[in-house]
Structure formats: structure tokens, C-alpha cells
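S.K.: Handing you this structure, nothing more for now.
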Amino acid sequence: MARTLKINGKDETVDAAPGTPLLWVLRDHLKMTGTKFGCGVAQCGACTVHIDGAPTRSCVLPHDSLEGSEITTIEGVEGPAADAIREVWVENDVPQCGYCQSGQIMAATALLAENSSPTDADIDTAMSGNICRCATYMSIRRAIKEAASRA
Amino acid sequence: MFLRNMGIIPGKAQSGADEGSGASITNLSRRSFVAGSGLFVIGVTLAGCSSYVEPDVDANAFDLPDPGASPLTQVAGGDATPALWIAIEEDGTVKITCHRSEMGQQVWTSMAQIVADELEADWDKVQIVQAEGHERYGDQNTDGSRSVRYNFHRLRIAGAAMRSMLTEAAALFWEMNPAECSAAEGLVSNSQNSDTLSYGNLAELAARLEIPAEDEINLKEPDEWRFINKEIPSLTIPLITRGQGTFGIDVDRPGMVYAVVARPPQVFGRVGSVDDTAALEVPGMLQTVRLRDAKPPALFQPMGGVAVIARNTWAAIQGRNALDIEWIDGPNARYESVSFGEAMKRTARRPGTVRRERGNVQTGMADAAQRIEAEYYAPHLSQSPMEPPSATAQWTGDKLEVWACVQDPQTTRQTIADLLEIDKENITVNATWLGGAFGRKSKPDFAVEAALIAKEVGKPVKVTWTREDEVRHGFYHSASAQRLEAGLDEDGKCTSYLHRTVFPPIASTFSDGMATPTDGEMGLGATDVPFAMPNLRVESGDAKGHLRIGWLRSVSNIYHAFAVQSFAAEMAHAAGRDQKEYLLELIGKARTFDPGDEGATYPNYDASIEDYPIETGRLSNVVEKAADMARWGRNLPEGHGLGIAVHRSFLSYIATVIEAAVSPDGTLTIPGIWLAVDAGTVVNPRHARAQMEGGTIYGLSNALYGEITARNGAVVQDNFPSWRVMRMGEAPREFDVEIIQSNTRPAGIGEPATPPAAPALTNAIFNATGHRIRTLPIIGARGSRLSLPETETA
């Protein structure tokens with residue numbers, strides 16, 4: 001059954017089986033592959049998107065519950081916090097392989113939008129759901145603070 | 001002048017550096033100078049901004065160089081023929097072919113830095129073409145921390161040769177002596193006037209000139225380097241921050257269907273019967289395909305099972321859940337990793353096979369004033385890159401094309417050719433970006449699966465491994481048991497040292513029943529031990545493999561450095577000495593040595609011992625440096641301790657100091673880490689520092705939590721809750737890295753930070769608490785704190 005989802009400000013019609021997680025609707029149905037699959041059980045954060053501004057794991061989120069919600073992905077996230085995060089991420093070469101970084105950036109952007117000057121402890125709490133096997137954690141922590149000073 | 005006679009230079013070149021204004025040299029065929037046959041242009045990046053192009057499937061129409069015409073096919077490291085690596089287009093774009101796989105180590109950037117420096121390219125015009133898997137590039141196995149080491153010289157030669165040809169082309173055009181012309185930042189200028197010619201203008205003409213021989217090429221001096229040893233920004237990261245770039249799991253082909261595979265629980269288990277009735281009722285399901293059973297030895301073959309094909313990944317996963325499969329046990333069904341670990345410890349208590357010997361350990365021990373011994377155990381580990389294995393395959397007639405996140409597209413191509421019994425010439429393998437690898441993706445079993453399934457289905461197929469698949473069906477880091485013994489004299493000085501190591505070798509994956517640790521694995525931290533005591537013996541004991549055993553970032557160095565560097569600290573404690581001072585005494589005076597002189601067969605990471613000797617002075621130097629950085633010996637709060645470890649691996653020397661803080665209830669935190677690395681010439685210090693951080697945390701994550709166990713031959717863990725990894729909050733607040741500046745030959749960067757991490761931490765915990773940890777993991781998947789024996793708590 002076709003449903004209309006509002007993704008990055010655009011209405012997208014998707015025809016996916018009921019219960020299909022948003023992650024796979026984005027990746028397989030809409031070919032928006034910036035949002036990544038990491039664990040499928042909301043443990044790693046690679047699939048983080050914003051639902052009405054809140055960082056949310058899309059791998060366990062049925063897409064059919066999202067009609068009327070504002071869905072934002074790495075391809076579309078914008079605003080002062082996102083701009084500052086991207087700028088600092090690039091200037092400091094924060095990512096390594098980059099695979100988890102869509103989720104990291106979505107989580108960090110949501111954190112900055114909510115808290116304009118996070119402490120180390122705030123950052124650790126907000127970001128601890130996002131695993132990075134390359135271990136860019138120290139770089140991310142430094143970069144969020146740097147972005148906070150600019151946003 | 002032959003240029004004008006050839007009619008390709010219709011007019012006078014423009015003066016000045018205005019790129020594109022030198023349009024007077026026209027009709028330059030783009031293809032005449034294009035290199036690489038890079039079949040898959042996965043990203044085109046300009047520094048400071050980002051753009052993205054779809055895979056350029058026509059790129060194989062590029063002309064390939066005629067190897068017979070190049071005097072540079074056999075330089076150190078391989079073929080340095082410029083056109084194999086560099087293509088300069090009319091608009092000045094410099095396309096550099098990267099034949100190594102990008103997995104976060106920033107190899108796109110480092111390879112480009114090397115070429116572009118000698119080429120004197122304008123960095124803003126550099127783009128990367130990712131090479132397909134092909135012998136013409138030489139070794140493409142992005143493993144062993146050797147991309148820079150293998151390619152540093154030949155890529156400099158390639159860049160310098162092309163710079164020389166561009167300069168000569170300008171000289172011909174200006175009718176000057178080439179010595180009067182010089183190249184910088186994509187332009188050639190001359191000493192007579194202010195004219196310049198851009199590389200884009202000169203490319204076609206330069207392509208017609210003879211390639212200089214190696215002895216005619218002048219490489220730049222290190223103080224002339226523009227990009228090498230500079231913190232050049234990554235070429236991939238601008239794309240990453242917008243969700244662009246193509247990882248293996250992101251590949252899309254027209255008409256593609258999606259597959260997951262239900263694999264036997266144990267290695268060499270088999271499908272007995274399968275009922276897919278319920279599976280086929282799942283919306284979006286298309287079909288199932290029974291895969292052929294795997295047979296020993298494992299090699300890189302898929303493990304068999306049932307492939308589930310659907311219109312999207314989620315439907316395939318649901319379809320797999322609905323399969324009813326009866327599995328038949330294989331020969332490994334009785335494997336219990338815990339009891340096997342006990343058996344390995346017993347083996348380590350018996351005399352083993354001598355792999356290196358100096359002096360006489362028995363008499364040394366007999367004469368000792370004090371003897372100590374210790375046993376260490378480390379479990380199996382999973383590489384678990386954030387991107388699980390994924391591959392896409394498409395057949396067109398008898399031709400196969402594969403896109404996959406593989407560390408070695410050549411091995412992938414050869415393995416598919418062997419297992420599917422097809423001609424390699426009919427196979428194209430494209431390496432995508434790798435979302436981490438850590439050794440897992442040097443095993444192309446998942447790409448073979450895609451090729452097999454696509455053939456059955458008759459459509460392009462993407463095979464995705466779920467996290468459960470990755471954790472349960474991997475190529476695991478060996479579990480190991482080790483025993484060390486030492487004899488100390490009356491002054492506490494070590495006079496006799498015995499190290500016995502027992503682990504199933506990686507060779508067990510390739511040769512059924514192989515149980516003896518290989519020289520290669522013994523040379524990763526056991527037979528190359530740098531200690532100077534008069535009596536020393538290194539032994540191995542056999543252990544059979546029951547899981548697929550494979551490489552994991554720094555491989556056997558992990559457990560060997562854990563045991564040897566822990567034991568060094570145990571000796572220091574027994575002698576009543578400071579860990580760092582005792583470690584320096586064990587290493588002894590600055591010297592070079594060859595383990596081969598004491599009976600070892602020592603591969604030295606495939607490098608000659610003359611080019612890359614083991615230099616104990618460099619070890620001691622990084623020990624002193626890291627200790628200084630950490631302010632070794634400072635007063636610490638109650639419950640804090642500093643620990644140190646040093647290790648040479650992948651030809652690099654790294655010392656790590658860790659501060660551990662242990663609260664009375666056993667809660668462990670890591671306030672700081674200080675690391676000094678001597679890796680010879682470092683191409684990109686910023687990215688090298690990132691690898692030092694990443695390699696250390698990878699080692700700490702494994703040491704703290706990592707444990708793969710098997711019951712009835714099947715891996716118990718399945719996903720991040722039970723296979724635990726380190727998270728943001730556990731990462732240290734302070735992490736300082738110092739790179740020893742050096743112009744000596746480049747060594748490894750991606751792996752060597754991992755080995756010293758675990759022993760530096762356990763040595764720090766000992767200094768914080770008095771509790772010695774000899775069994776990993778330190779905390780485990782379910783733990784939250786150290787279990788400190790009451791009597792040992794400081």
C-alpha cells in the first residue's frame with residue numbers, strides 16, 4: 001500500500017510492506033543510501049535520522065508509523081548546527097572510513113540544536129549510542145565543541 | 001621544430017597562469033593521456049568542495065599504456081609507468097589511480113599526495129580513480145599496513161617521470177633547453193620570460209615523448225616536498241559529510257534484487273532439508289537458492305546454506321527468518337572454545353617446538369636467583385567493521401562484474417575464477433569504499449556468494465550480511481594461550497627468558513588440519529622479541545582450528561605483545577623496579593639484530609632485514625618519548641596508575657602509556673593515553689595520528705570487552721549487545737600522539753598502534769590496583785567493572 005512520507009521537505013510516495021523499517025525504505029525503495037545499516041537492532045546508531053528533529057534509529061522504526069512526520073536524513077539535514085558540524089568535520093578530518101558518520105553527524109546535529117554549549121559529559125551521553133569502530137570518538141568530541149563555538 | 005610540423009600546436013601559448021586560457025593547444029584527445037583503466041570512478045573530489053559522479057562504466061575505454069614502451073615497469077615496488085597512474089585532461093584535471101582499497105586509512109589521499117608531490121600537481125585539480133582488480137597494478141592487497149611502504153618509491157617515480165615529460169614538452173614548445181623550464185603547481189614556467197603552460201595544455205604533447213629511465217629522473221629532496229609529510233585534508237571526507245560516496249552496501253544496479261544467506265551454524269555444517277513455503281509468502285520475497293556445501297579447507301569459499309532473494313533487503317531478512325532448515329552437523333560440531341582454551345594452556349605447559357634460541361635457557365634458569373612464570377589467555381575476536389560484508393554481482397552472458405567492499409580486488413577476482421571455474425578475463429572486480437575492514441574484507445567469500453547467487457537468479461544481486469551474519473560467520477582472530485618464564489639474577493636483572501605460544505594458525509583456514517603456528521605468525525611479536533638477556537628461547541605449540549581463523553588488525557602481534565609486554569612488567573615487579581626503566585634494560589643498548597641469526601625463520605613483514613633492520617634504539621627512543629609525554633613518575637591520585645608497553649610491528653616502533661583510574665568498586669576509566677610512533681617517513685601526519693588513536697582504541701575495545709566463544713562449534717555472540725565494543729563515553733579525554741620526524745623508509749601506520757594498547761592498559765591497572773590481568777577480556781560483554789580480588793586491591 002502506497003504511503004506518503006515527508007523526507008527532507010519533499011513528499012515521497014513509497015509502496016513497502018507494512019512494518020518495513022524506515023532504514024530499508026530509504027535505502028532500497030528510495031535509493032537514499034546515505035543512511036547506513038549497522039546492526040538492525042538500534043544498538044549502533046549508523047541508521048540515525050531525525051524524526052521531527054529528534055535523533056531516531058531508523059532500523060527499528062516502521063515506516064508506516066511516520067505519515068505526517070518530518071523525516072530528515074544526512075542528505076537533507078541543514079541549518080546552523082548542521083552547517084557547523086559539517087564544516088568542522090571537514091576541516092578536522094573527523095571521519096576515518098566514514099560509514100558510521102552519517103549517524104554521528106545526525107546525532108551531533110541534534111545535540112547542538114538542543115544544547116548550544118555541551119560539556120564532555122553531555123557529548124558522551126548524547127553520542128554513546130553511536131558506535132565507531134575506527135574510533136573517531138576523540139575527534140568527534142573535540143569537533144562538537146568546536147562546532148558549538150561556531151553555530 | 002617538430003611540434004609545429006606535427007600540426008598540434010596551432011599558435012602561441014598564452015602567458016600567465018590563468019588556467020584554461022592556454023586554449024591555443026587544442027584538439028587534445030582526452031584519451032591519449034588517460035591512465036588506469038579504472039573501471040569504476042566512484043567519486044570525484046575537489047579539495048574544499050565535493051562533487052559526486054555515478055560509476056563511470058565506460059572508463060575502461062581509456063587507452064592503456066604499452067608496457068613495452070616504458071623503461072619504468074620494474075622499479076622498486078613495481079610498475080611506475082606514468083600513464084598507469086596519472087591521467088591529465090585538457091582542463092587540467094589530474095586523475096590519479098588509487099589501486100589500494102580506501103577503508104578509512106585515507107589511502108586515496110596518501111597515494112595522491114605521493115604522486116602529486118613529484119608531479120608538482122595543483123592539488124585542487126586532483127581526482128581519484130579507484131582501480132579495478134588487475135595484475136597491472138601490482139599488489140593490491142590492502143592489508144599488512146604496507147600501501148605507502150610498497151608504493152612510496154614507484155609512485156614518486158611515476159609522478160616525477162610525468163613532470164619531466166611535461167617540462168620537456170614545454171621546452172620543445174618554447175624551443176628552450178628543458179633545464180630552463182621548471183614545473184610547479186600544475187604549470188611549467190621558464191627562466192627566459194613570464195610565459196607559462198598548464199599541464200592540461202601540455203598533456204597530449206607530453207604523452208608523445210619518451211618516458212625517462214629511472215636514472216634520468218630526479219626525485220625531490222624532502223625539504224622540497226609540497227604534499228608529502230604535510231597535513232593534506234582528506235579527499236573522501238567532504239563526500240562523507242553529505243552521505244555521498246559508494247560503500248559496498250550502497251551499490252545499486254538496474255533491475256537489482258537483494259539477498260541474504262542462511263548459513264550453517266558451524267563451519268562445514270550442511271543443509272539437511274529446507275522448507276521455504278512460509279518464506280515465499282513474505283511480501284516481496286522472490287525465491288530461495290540452495291548453495292553448494294563447503295568442503296575443507298575453508299579457503300575463501302562461501303559456507304553454503306540457503307540464499308534468500310527478495311525485492312528489498314528487509315523482505316529478504318524476513319524471508320530468511322521464515323525458513324525452516326534442518327542443519328546437519330559438520331566436523332566442528334564438538335568445538336567448545338572454553339575447554340579448547342584450557343587444552344591450549346596445558347599445551348603451553350609442555351615443551352614445544354623451538355623457534356628461536358640464544359644461549360641456554362635451562363642452565364640460565366637453574367642459575368637464577370629468582371624465577372617467575374605467568375600464563376596468558378586471549379580469546380577469539382571478530383573484526384566487526386561498521387559496514388558488514390556486502391557485494392553485488394551482475395552477469396552479462398558469460399561475463400561477470402562484481403562491486404564489493406574488498407581489501408584485495410585481485411584475490412577476489414582469482415577466487416571467483418577458481419571457485420566458479422570461469423576465465424579470470426571474464427571477471428571484473430570493482431573495489432568500492434570500505435566501511436572499515438580490519439582484515440575481514442581481505443577474505444572475499446561474500447563476493448563469491450554474490451557471484452554464485454546472481455548466476456542462479458539471472459539478475460544483478462546484492463548480498464548483504466546482517467550484523468548477526470558478520471559476528472557468527474567470520475574469519476576469527478585466533479584464541480591463544482601463552483606461558484612465559486624468566487630467571488632473574490641477584491640484582492633483579494633478567495638472565496633467562498622463555499616464551500611459549502599456542503594458537504590455531506591462520507594456515508588452518510587454507511590447509512585442512514594445519515595446527516603449527518607459521519613463521520609469519522611467530523614473527524609477529526614472538527620470534528622478533530627485542531630483549532637482550534643472554535639466554536632466550538621462543539617455542540610454539542600446536543592447536544587445531546575449528547572456526548575459520550583469519551587476520552584481524554595487527555594479527556598475532558595482539559596476543560604476543562599482550563603477553564610479552566605484560567611479562568616485562570611482571571619481571572619489573574619481581575625485581576622491585578620501575579616498569580619503564582626495566583623495559584629499557586630488557587631492550588638493552590642500541591643495536592640491530594636479525595632473529596634469523598638465532599635460528600628463527602623471520603619474514604620481517606616481507607621486507608629485507610637490511611632495508612628494515614630491527615633497531616632497538618628506535619624502541620628505546622619511543623619508550624622515553626611516550627614516558628616524557630605522560631610525565632612518567634608523576635604523583636597520581638589514589639587508584640590511578642600509569643602503564644607502558646612498546647612494540648615493533650609492521651616495521652614501525654610504537655610506545656604507549658595509559659593512565660588507568662580504578663575506583664574502589666572496580667569501575668575503570670582511562671583518563672589519558674600518550675603514544676610515540678617512529679614509522680619512518682610519514683606521508684600524512686594528521687591521518688597517521690588518526691590511525692594511532694583508532695588502532696589504540698581498537699586494541700583497547702578488544703582487550704576490555706572482546707570475546708567470541710563457540711559452543712557446539714557455533715559462535716555464541718550475534719550482535720553488538722553480546723559482541724561488545726567500546727563507545728564514546730569510554731574513550732579517553734586526553735590522547736596525545738607524537739610522530740618521530742624521520743626521512744627513513746616509510747613503515748606501517750594502520751595496524752601497529754593496536755598491539756601495545758592492551759598491555760599498556762593492564763600494566764596501568766596493575767600499578768593502580770596491584771591486580772595483574774592475564775586473561776582477556778578484562779571486563780567482558782556483560783561486565784561493568786573490574787573484579788578485584790580483595791587481597792590484591794591496593
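The values are calculated or read from the model by the stated rules, or taken from the named source; none is laboratory data. In this text, all values refer to a predicted model and were calculated from it rather than measured experimentally. Here the Cβ is made from the backbone with ideal geometry for all residues, glycine too, and neighbour counts use every protein chain on show. Protein only, heavy atoms only, side chains kept; ligands, DNA and RNA dropped before computing areas. Shrake-Rupley method; radii C 1.70, N 1.55, O 1.52, S 1.80 Å.
S.K.: Within region B:409-488, which strands (runs of 3 or more DSSP E) (wholly inside it) include 1 or more residues that are within 14 Å of another protein chain (Cβ to nearest Cβ)?
M.R.: Working: elements: B:427-431, B:461-464, B:480-488.
Counting at least 1 such residues, we get B:427-431, B:461-464.
S.K.: What single numbered condition from (1) in contact with a strand residue (DSSP E or B) (Cβ under 9 Å, 6 or more places away or on another chain); (2) open to solvent by 30 Å² or more (accessible area, probe 1.4 Å); (3) within 14 Å of chain A (Cβ to nearest Cβ) fails to hold for B:Ser189?
M.R.: (3)
S.K.: For region A:33-47, name all the residues that are within 7 Å of another protein chain (Cβ to nearest Cβ) and open to solvent by 10 Å² or more (accessible area, probe 1.4 Å).
M.R.: A:Thr33, A:Gly40, A:Val41, A:Gln43
S.K.: So if I check each of B:Ile211, B:Ile240, which one is modelled with pLDDT of 95 or more, closer than 30 Å to A:Ile74 by Cβ and either touching a Leu at 6+ places or on another chain (Cβ under 7 Å) or buried (at least 23 other Cβ atoms within 10 Å of the Cβ) (or both)? Lay out the reasoning, then the answer.
M.R.: On the way: B:Ile211 fails: closer than 30 Å to A:Ile74 by Cβ.
Criteria check complete, one pass: B:Ile240.
S.K.: In addition: Please work out which residue is farthest from B:Trp674 (Cα to Cα), limiting yourself to region B:714-765 and to residues that are acidic (Asp, Glu) and within 14 Å of chain A (Cβ to nearest Cβ). Explain how you work it out, then say what you get.
M.R.: Of the residues in region B:714-765, the ones acidic (Asp, Glu) are B:718, B:730, B:734, B:736, B:738, B:751.
Going one step further and asking which of them are within 14 Å of chain A (Cβ to nearest Cβ), we end up with B:718, B:730, B:734, B:736, B:751.
Working: B:Asp718: 34, B:Glu730: 16, B:Glu734: 8, B:Asp736: 5, B:Glu751: 17 Å.
Only one residue tops the list, namely B:Asp718.
S.K.: Something else now. Name the residues in region A:127-138 that are open to solvent by 10 Å² or more (accessible area, probe 1.4 Å) and in contact (Cβ under 8 Å) with a residue 40 or more places away in the chain, would you?
M.R.: Matches in region A:127-138: A:Gly129 only.
S.K.: Let me ask something else about it. From the list B:Gly680, B:Gly706, B:Gly641, exactly one residue is modelled with pLDDT of 95 or more and within 14 Å of chain A (Cβ to nearest Cβ). Which is it? Give the steps one after another, and end with the answer.
M.R.: Working: B:Gly680 fails: within 14 Å of chain A (Cβ to nearest Cβ); B:Gly641 fails: within 14 Å of chain A (Cβ to nearest Cβ).
Just a single option satisfies the conditions, and that option is B:Gly706.
S.K.: Moving on. Give me the pairs, please: first residue somewhere in region B:487-506 and within 13 Å of B:Ala574 (Cβ to Cβ), second residue anywhere and among the charged types (D, E, K, R) and open to solvent by less than 10 Å² (accessible area, probe 1.4 Å), beta-carbon distance under 9 Å, and either six or more positions apart or on two chains.
M.R.: none
S.K.: Among the residues of region B:103-128, what is the count of those that are open to solvent by 10 Å² or more (accessible area, probe 1.4 Å) and acidic (Asp, Glu)?
M.R.: Narrowing region B:103-128 to residues open to solvent by 10 Å² or more (accessible area, probe 1.4 Å): B:103, B:105, B:110, B:120, B:122-125, B:127.
When the remaining residues are screened for being acidic (Asp, Glu), the result is B:120, B:122, B:124.
Total meeting the criteria: 3.
S.K.: Condition first: open to solvent by 40 Å² or more (accessible area, probe 1.4 Å), more than 14 Å from every other protein chain (Cβ to nearest Cβ) and within 26 Å of B:Asp445 (Cβ to Cβ). Can you find one or more residues in region B:299-317 that meet it?
M.R.: Of all residues in region B:299-317, those open to solvent by 40 Å² or more (accessible area, probe 1.4 Å) come to B:299, B:311, B:314.
Then drop every residue that is not more than 14 Å from every other protein chain (Cβ to nearest Cβ), which leaves B:299.
Narrowing the set further to residues that are within 26 Å of B:Asp445 (Cβ to Cβ) leaves B:299.
Scanning region B:299-317 turns up at least one residue that is open to solvent by 40 Å² or more (accessible area, probe 1.4 Å), more than 14 Å from every other protein chain (Cβ to nearest Cβ) and within 26 Å of B:Asp445 (Cβ to Cβ).
S.K.: If we scan region B:683-697, do we find a residue that is open to solvent by 20 Å² or more (accessible area, probe 1.4 Å) and either of a type in the set (S, T, N, Q) or not in a helix (DSSP H, G or I) (or both)?
M.R.: No - not one qualifying residue is present in region B:683-697.
S.K.: Which condition number does B:Arg689 fail, the rest of (1) within 14 Å of chain A (Cβ to nearest Cβ); (2) in contact (Cβ under 8 Å) with a residue 60 or more places away in the chain being met?
M.R.: (2)
Here's the yes/no breakdown for (1) outside any helix (DSSP H, G or I); (2) more than 8 Å from every other protein chain (Cβ to nearest Cβ); (3) open to solvent by less than 10 Å² (accessible area, probe 1.4 Å):
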| residue | (1), (2), (3) |
| --- | --- |
| A:Lys31 | yes, no, no |
| A:Val49 | yes, yes, yes |
| A:Asp64 | no, yes, no |
| A:Glu75 | yes, no, no |
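S.K.: Please name all residue pairs, on different chains or six or more residues apart, with Cβ atoms under 6 Å, provided the first residue is in region B:416-433 and is in the same structural domain as B:Glu449 (by TED's automatic domain parsing) and the second residue is at pLDDT 95 or above and open to solvent by 40 Å² or more (accessible area, probe 1.4 Å).
M.R.: If the second residue must be at pLDDT 95 or above and open to solvent by 40 Å² or more (accessible area, probe 1.4 Å), the pairs left are B:Ala417/B:Lys424; B:Asn426/B:Asp398; B:Asn426/B:Lys399; B:Thr428/B:Glu401.
S.K.: Among the residues of region B:731-777, count how many are touching a Pro at 6+ places or on another chain (Cβ under 7 Å) and β-branched (Val, Ile, Thr).
M.R.: 1
S.K.: Can you name the residue in region B:145-165 that is in contact with a strand residue (DSSP E or B) (Cβ under 6 Å, 6 or more places away or on another chain) and either among the hydrophobic types (A, V, I, L, M, F, W, C) or more than 16 Å from B:Asp122 (Cα to Cα) (or both) and is also surrounded by the most Cβ atoms within 10 Å (Cβ to Cβ) among such residues?
M.R.: B:Met162
S.K.: Looking only at region B:718-739, how many residues end up being in a loop (DSSP other than H, G, I, E, B), surrounded by fewer than 18 Cβ atoms within 10 Å (Cβ to Cβ) and not acidic (Asp, Glu)? Before the answer, list the steps.
M.R.: Filtering region B:718-739 for residues in a loop (DSSP other than H, G, I, E, B) gives B:718-727, B:731-733.
When the remaining residues are screened for being surrounded by fewer than 18 Cβ atoms within 10 Å (Cβ to Cβ), the result is B:718, B:721-722, B:733.
Now narrow it down to the ones that are not acidic (Asp, Glu): B:721-722, B:733.
Adding up the residues that qualify gives 3.
S.K.: Return the residue satisfying two criteria in turn: it lies in region A:7-29 and is of a type in the set (S, T, N, Q) and farther than 22 Å from B:Ala259 by Cα, and of such residues it is farthest from the other protein chains (Cβ to nearest Cβ). Walk me through how you get there before you give the answer.
M.R.: Our first condition is that a residue be of a type in the set (S, T, N, Q); within region A:7-29, this holds for A:8, A:13, A:20.
Those left that are additionally farther than 22 Å from B:Ala259 by Cα: A:8, A:13.
Working: A:Asn8: 11, A:Thr13: 16 Å.
Ranking the candidates gives A:Thr13 first.
S.K.: Working carefully through the options B:Arg371, B:Arg355, find the one that is of a type in the set (Lys, Arg) and either open to solvent by 50 Å² or more (accessible area, probe 1.4 Å) or in a loop (DSSP other than H, G, I, E, B) (or both). Step through it out loud before you land on a result.
M.R.: Details: B:Arg355 fails: either open to solvent by 50 Å² or more (accessible area, probe 1.4 Å) or in a loop (DSSP other than H, G, I, E, B) (or both).
After applying the criteria, what remains is B:Arg371.
S.K.: Okay, moving on. Being at pLDDT below 95 and open to solvent by 10 Å² or more (accessible area, probe 1.4 Å) is true for just one of A:Ala121, A:Ala151, A:Ala113, A:Ala81. Which residue is that? Let's see the steps before the verdict.
M.R.: Working: A:Ala121 fails: at pLDDT below 95; A:Ala113 fails: at pLDDT below 95; A:Ala81 fails: at pLDDT below 95.
Of the residues listed, the single one that is at pLDDT below 95 and open to solvent by 10 Å² or more (accessible area, probe 1.4 Å) is A:Ala151.
S.K.: Can you tell me which of B:Asp445, B:Asp418, B:Asp423 is out of contact with any Gly (no Cβ under 9 Å at 6 or more places or on another chain), under 25 Å from B:Pro297 (Cα atoms) and open to solvent by less than 10 Å² (accessible area, probe 1.4 Å)? Break it down into steps so the answer makes sense when it comes.
M.R.: Working: B:Asp418 fails: open to solvent by less than 10 Å² (accessible area, probe 1.4 Å); B:Asp423 fails: open to solvent by less than 10 Å² (accessible area, probe 1.4 Å).
B:Asp445 is the lone residue from the list that is out of contact with any Gly (no Cβ under 9 Å at 6 or more places or on another chain), under 25 Å from B:Pro297 (Cα atoms) and open to solvent by less than 10 Å² (accessible area, probe 1.4 Å).
S.K.: Is it true that some residue in region B:766-779 is open to solvent by 10 Å² or more (accessible area, probe 1.4 Å), without any contact (Cβ under 8 Å) to a residue 60 or more places away in the chain and either of a type in the set (D, E, K, R) or closer than 17 Å to B:Ile673 by Cβ (or both)?
M.R.: Taking every residue of region B:766-779 in turn, none turns out to be open to solvent by 10 Å² or more (accessible area, probe 1.4 Å), without any contact (Cβ under 8 Å) to a residue 60 or more places away in the chain and either of a type in the set (D, E, K, R) or closer than 17 Å to B:Ile673 by Cβ (or both).
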